[in-house]
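Novice: Dumping the structure here so I can ask a few things about it.
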Amino acid sequence: MKARFALVLLILIFETLTAPSWSQTKSNSTSNQTASAERKLQHLESNGAQAHPDPAPTEFTEQEINAYFASGNVILPDGLQSVGFQEQPGVVTGTSRVDFDKLKAGKNTYNPLLSVFSGLHDVIVTAHAYGAHGQGLVHVDAVSIDSVEVPEFVLELFVERYLKPRYPDIGIDSRFALPARVDAATVGLHRVTISQR
């Protein structure tokens, strides 16, 4: 169940890719942030199992989210490295080091428009994300690879060719049911707030 919440956070925090600006060595602060995120995920899981969940919101800070993903507690798809997130009201920005050859898992294409999606690159994704009435919604606003913005129609080709076959519910616009009676998720300034009902 924690993996599902982590996936929800990953999708809400953006069905994105991201790269943190901190060191990969774990400090006590990072360990404390990871432990805090784990406690909050456990609370969401147990609260969602109640007949009448406590509607008090659960807030995840940007530091907790990034520490949790950096801890190795979330199994990322092959090819994604160094995932981290930055939250602004309603918007999530992520950066990651992406090995597109691993992400594509041997599926090659002769379409020259998709040739940008090969090799190891720094990727930044910006998306609007929120949850309401038990549904998560994500709209990818922009993607850049090595600081060059990817045209939307090229991104759509990539999603259709490589992501949809493995993750049918993920796209430029994604809608999905939130687990454990999560009713709403709000992206705020350096935080995500989740309410259950």
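Novice: What does the charge count around Leu114 come to, taking other residues whose C-beta lies under 15 Å from its C-beta (Lys +1, Arg +1, Asp -1, Glu -1)?
Specialist: It works out to a net charge of 0.
Novice: In nanometres, what is the gap between the two model label sites at Thr109 and Val148, each 7 Å from Cα along Cα-to-Cβ?
Specialist: The modelled label-to-label distance comes out at 1.7 nm.
Novice: Please name which of Gly171, Pro112, Val91 has its Cα lying farthest along the dipole of the range 2-196 towards the positive end, using unit charges on Cβ (Lys, Arg +1; Asp, Glu -1) and the Cα centre as origin.
Specialist: The Cα lying farthest towards the positive end belongs to Gly171.
Novice: In addition: With Kirkwood's inverse mean 1/r over C-alpha pairs for Rh, give me the Rg to Rh ratio of the range 113-197, two decimals please.
Specialist: 1.04
Novice: According to the Cα gyration tensor, what semi-axes, each the square root of 5 times an eigenvalue, does the equivalent ellipsoid of the range 118-161 have, listed from largest to smallest in whole Å?
Specialist: Over the Cα atoms of the range 118-161, the semi-axes work out to 24, 12, 9 Å.
Novice: Also, I was wondering about something else. Just in the range 100-197: which GluC sites (Glu not before Pro) are loop by DSSP and have at most 10 other Cβ atoms within 10 Å?
Specialist: none
Novice: Same structure again: Net charge around Leu76, counting only other residues with Cβ within less than 12 Å of its Cβ (Lys, Arg = +1; Asp, Glu = -1)?
Specialist: 0
Novice: Hey, another quick one. How are the C-alpha pair distances of the range 2-196 spread across 5 Å bins, as whole percents from the shortest bin up?
Specialist: Each 5 Å bin holds this share of Cα pairs: 1, 8, 16, 21, 20, 14, 10, 6, 2, 1, 0.
Novice: Sticking with this structure for a sec: For the range 2-196, what is the relative contact order in percent, using Cα pairs closer than 8 Å and at least 6 residues apart in sequence?
Specialist: 27
Novice: Relative to the Cα centre, what is the charge dipole magnitude of the range 32-167, using +1 at the beta carbon of each Lys and Arg, -1 at the beta carbon of each Asp and Glu, and rounding to the nearest 20 debye?
Specialist: Computed charge dipole of the range 32-167: roughly 460 debye.
Read-outs throughout are calculated quantities, based only on the coordinates presented, and are distinct from any laboratory measurement. From a predicted model like this one, the values you see are computed outputs, not experimental measurements. Here the Cβ is made from the backbone with ideal geometry for all residues, glycine too, and neighbour counts use every protein chain on show.
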